[in-house]
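To keep things clear, I will list the structure first and then write my remarks on it.
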Amino acid sequence: MRLLAFLCCLLPLSLTAQEKKGDRTCRILFLGGTDSDPEKLYLHDGKAAQEVELPRMNLSKVYELPSGALTLRMLPALPTKDQPLPAGAPSATVPETTGDLYLLLSPDAENKVAPVRMQVIDASADRFKAGQMMWFNLTANDVGGSVGKQQLVLKTRSKIVLDPPASTLESYNVNLTFRIPGKEALYPLCETQWNHDPAVRTIVFVITEPGNRTPRVLGFPDHRVSSGKNP
């Protein structure tokens with residue numbers, strides 16, 4: 001799966017304000033994980049490791065991370081004095097100025113330490129506010145349409161942050177189409193209703209599944225208590 005390779009080109013990891021110690025948190029999503037992939041691993045932040053869950057269809061619980069520049073690694077077991085960090089473990093860097101984050105995983109059967117790839121997504125409230133939606137198009141198709149009161153134009157291999165699709169706690173219409181590369185015709189992708197909560201941020205992925213021409217839309221809400229800059 002090449003999902004993370006696409007994301008590496010889409011996600012600038014900069015932030016205007018440095019976070020205080022203890023302000024940084026992380027939520028994890030294993031996009032594309034199957035039954036043969038691990039359900040739990042150990043997340044090492046350079047100083048300590050903690051066991052983390054790798055959910056497929058929702059964001060994990062909130063995990064705390066230290067401040068400062070980090071190199072995160074996924075490990076199959078806790079490191080010990082006699083068995084330090086294994087070479088080749090999946091890793092991702094976190095700049096010093098990045099606050100809260102999402103850690104996106106995808107399968108990587110070639111990694112013999114832990115079969116995952118890692119990608120950091122900046123979840124700072126300065127960049128991604130309550131009520132907004134962060135859309136990632138990981139397909140070769142252009143996607144567009146209406147999301148509540150907002151118009152969505154999502155080019156292939158792109159990312160945008162969409163303003164709130166509604167104003168209050170209410171349902172809203174979602175009507176999306178996609179274009180196959182090299183063709184002008186528009187094909188239906190999604191026509192439904194979603195629910196809006198002004199306190200919730202939502203990450204949405206448009207992905208391709210093997211054997212299916214029509215992309216799939218996956219949304220993951222993030223609702224947590226605000227603690228200053230990063231809810």
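For the chain, the solvent-accessible area with a 1.4 angstrom probe is 51 square angstrom per residue. Split the chain at each of the GluC sites (Glu not before Pro) in a DSSP loop with at most 10 other beta carbon atoms within 10 Å, and the longest piece is 1-109.
Karplus-derived 3J(HN,Hα) values for the range 112-126, using 6.51 cos²θ - 1.76 cosθ + 1.60 with θ = phi - 60°, are 7, 7, 8, x, 9, 10, 10, 9, 8, 10, 5, 10, 4, 5, 5 Hz; glycine and proline are entered as x. Mean residue ellipticity, 222 nm, helices only, the chain: the sum of -39500 (n - 2.57) across DSSP H runs of n ≥ 4, divided by residue count and rounded to 500, is -500 deg cm²/dmol. In units of the rule-of-thumb radius 2.2 N^0.38 Å, the chain shows an alpha carbon radius of gyration of 1.05. The value obtained for the range 47-86, namely the Cα convex hull volume divided by the number of residues, is 96 Å³ per residue. Rounded to the nearest angstrom and listed largest first, the equivalent-ellipsoid semi-axes of the range 65-147 from its Cα gyration tensor are 30, 19, 8.
The values are calculated or read from the model by the stated rules, or taken from the named source; none is laboratory data. Just so you know, these numbers come straight off a predicted model, no measurement behind them. A quick note on method: Cβ atoms are made from the backbone with ideal geometry, for glycine too, and the neighbour counts reach across all protein chains shown. Keep in mind that these areas ignore ligands, DNA and RNA; they rest on the heavy atoms of the full protein, side chains included. Shrake-Rupley method; radii C 1.70, N 1.55, O 1.52, S 1.80 Å.
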